[in-house]
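**Q** Before I ask anything, here is the structure I am working with.
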Amino acid sequence: MRVAQARRFVISDHPLPWLLPLVAILLVFTVYPLIYNIWLSFHEFVPRRRALEFVGTENWVQLWNDTRFWQSLVITFTYFAIALAFELVLGMAIALLLDSDGFGFGFLRGVLTMTLVIPPAIVGMMYLLMEDPQFGVISYLLQSIGLLNPNNPILATASTALAGVLVAEIWQWTPFMVLIFLAGLRALPPEPYEAAMIDGASSFQIFRRITLPMMSKVIAIAVLVRGIDLFRVFDYVFVMTSGGPGASTYSLSLYAWQQTFSFVKWGYGATLSLVTLVIILVIANLFIRIAKVKW
C-alpha cells in the first residue's frame, strides 16, 4: 500500500519529486563545499604532521593584516571596473551598429560568437605571444607609433602589465555583451521610434530617451553577469603574468590559488575564497537592489 502511494506521489504533478534531483545536486556541489570551506577557514594544514589543525580565527586575523591581500583586492577592483566599462560601452556601440537586417549583418553577428568558444587560457596565450617584445604584433605596432619603449615590454613593466591583460579580457568578452544587447534591441517595440521620428527627434535623442530607458533591464542583467565573472579573474593573469611583475597584476583568485596550492596553506586559501565570495554577494545584491532587477 505504501509502495503504491509512493509511486503515485513520484509520478504525480507535485513539484517535490521533480525538484529532488536538483536539490540533491545543489547540496552536494554547492552547500557542502561552502560549509567545508567555512570549516576549513578555521583550520590550517600542518605539513610535518600531514594533518589539519584547528587555529581558531588566526587565518582571519592574518588576512586583515595581510598587505598582499589588500593589494590584490585593489587590483581586482581596478580590473573589474576598467574591463566592465570598456565591455559595456563597446558592446552597446557594436550592437547598435549590427542592429540591422541588411546583407551580411547576420554573418557578422555569427562571427562574434567565435571568441566566446575559445578557452580563456588559450586567449591568454595568444595575447602573451602578440605582446612579446621581440616578435609580438601588438608590441611592434605600439613601438612603431612611439607609444611603447622597446626597453619596457608590456607584460614585464608594472605600469602596463595590467593593461596588457585587460586587452585579452576585453577582446574575448565584448562580443558577449554585444549579443545580449542585440537580443534586447531586436525585441524593442517599433512604435516609440516611429513616433519619435515623426516628431523630428535626432538619433542621439532617440538613443538617450527611448533606447537606453527601454534597455535598462537588459543592460543591468549584462552588467551583473559580467561583473560577477570579472571579479573571479584568474586564467588571463595566470597565463600572461602569473601576478607579476612584482604584484602589479595579482588578482584575489590568483592569490587564493597560490596560497592554497603553491604554499599548501589550505586554511588561509579557504579564507581568501570566502572573502571573495562575500564581496561578490554584497556587490551583486546591492546592484540588484539599485538596478531593481527582478528574476
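The values are calculated or read from the model by the stated rules, or taken from the named source; none is laboratory data. What you see is a predicted model; the values in this text were computed from it and never measured. Ideal geometry is used to build each Cβ from the backbone, glycine not excepted, and the neighbour counts take in all protein chains shown. Ligands, DNA and RNA are stripped out before the accessible areas are found, and what is left, the full protein with its side chains, is counted by its heavy atoms. Shrake-Rupley method; radii C 1.70, N 1.55, O 1.52, S 1.80 Å.
**Q** Give segment 1-32 a look and list any residue that's under 30 Å from residue 274 (Cα atoms) and either in contact (Cβ under 8 Å) with a residue 12 or more places away in the chain or open to solvent by 90 Å² or more (accessible area, probe 1.4 Å) (or both), or say none.
**A** 20, 22, 25, 27, 29, 32
**Q** Only one of 242, 159, 203 is over 30 Å from residue 76 (Cα atoms), out of contact with any strand residue (DSSP E or B) (no Cβ under 6 Å at 6 or more places or on another chain) and either open to solvent by less than 50 Å² (accessible area, probe 1.4 Å) or among the hydroxyl-bearing types (Ser, Thr, Tyr) (or both); which?
**A** 203
**Q** Ok, one more. How about segment 69-93: which of its residues are touching a Phe, Trp or Tyr at 6+ places or on another chain (Cβ under 8 Å) and either on the phi > 0 side of the Ramachandran plot or open to solvent by 60 Å² or more (accessible area, probe 1.4 Å) (or both)?
**A** 71 - this is the single residue of segment 69-93 that is touching a Phe, Trp or Tyr at 6+ places or on another chain (Cβ under 8 Å) and either on the phi > 0 side of the Ramachandran plot or open to solvent by 60 Å² or more (accessible area, probe 1.4 Å) (or both).
**Q** Going through 289, 226, 208, 232 one at a time, which residue ends up being among the basic types (Lys, Arg), farther than 30 Å from residue 39 by Cβ and under 16 Å from the mean Cα position of the chain (by Cα)?
**A** Going through 289, 226, 208, 232 in turn, the sole match is 226.
**Q** Any idea which of 58, 44 is open to solvent by 70 Å² or more (accessible area, probe 1.4 Å) and either touching a Ser or Thr at 6+ places or on another chain (Cβ under 7 Å) or of a type outside the set (Phe, Trp, Tyr) (or both)?
**A** Just one listed residue meets the conditions, 58.
**Q** Which numbered condition in (1) under 20 Å from the mean Cα position of the chain (by Cα); (2) under 28 Å from residue 37 (Cα atoms); (3) in contact (Cβ under 8 Å) with a residue 60 or more places away in the chain is the only one that residue 265 fails?
**A** Evaluating residue 265 over (1) under 20 Å from the mean Cα position of the chain (by Cα); (2) under 28 Å from residue 37 (Cα atoms); (3) in contact (Cβ under 8 Å) with a residue 60 or more places away in the chain leaves (1) as the failure.
**Q** Of all residues being buried (at least 19 other Cβ atoms within 10 Å of the Cβ) and over 20 Å from the mean Cα position of the chain (by Cα) in segment 245-262, which is nearest to residue 70 (Cα to Cα)? Just the residue, please.
**A** It comes out as 259.
**Q** Is one or more of the residues making up segment 107-118 free of Cβ contacts under 8 Å to residues at least 60 places away in the same chain, part of a helix (DSSP H, G or I), surrounded by 12 or more Cβ atoms within 10 Å (Cβ to Cβ) and more than 18 Å from the chain's Cα centre (by Cα)?
**A** Yes, that holds for at least one residue.
**Q** I'm told residue 103 meets every condition in (1) in contact (Cβ under 8 Å) with a residue 60 or more places away in the chain; (2) exposed (fewer than 10 other Cβ atoms within 10 Å of the Cβ); (3) among the aromatic types (Phe, Trp, Tyr) except one. Can you identify the failing condition by its number?
**A** If we test residue 103 against (1) in contact (Cβ under 8 Å) with a residue 60 or more places away in the chain; (2) exposed (fewer than 10 other Cβ atoms within 10 Å of the Cβ); (3) among the aromatic types (Phe, Trp, Tyr), just (1) comes out false.
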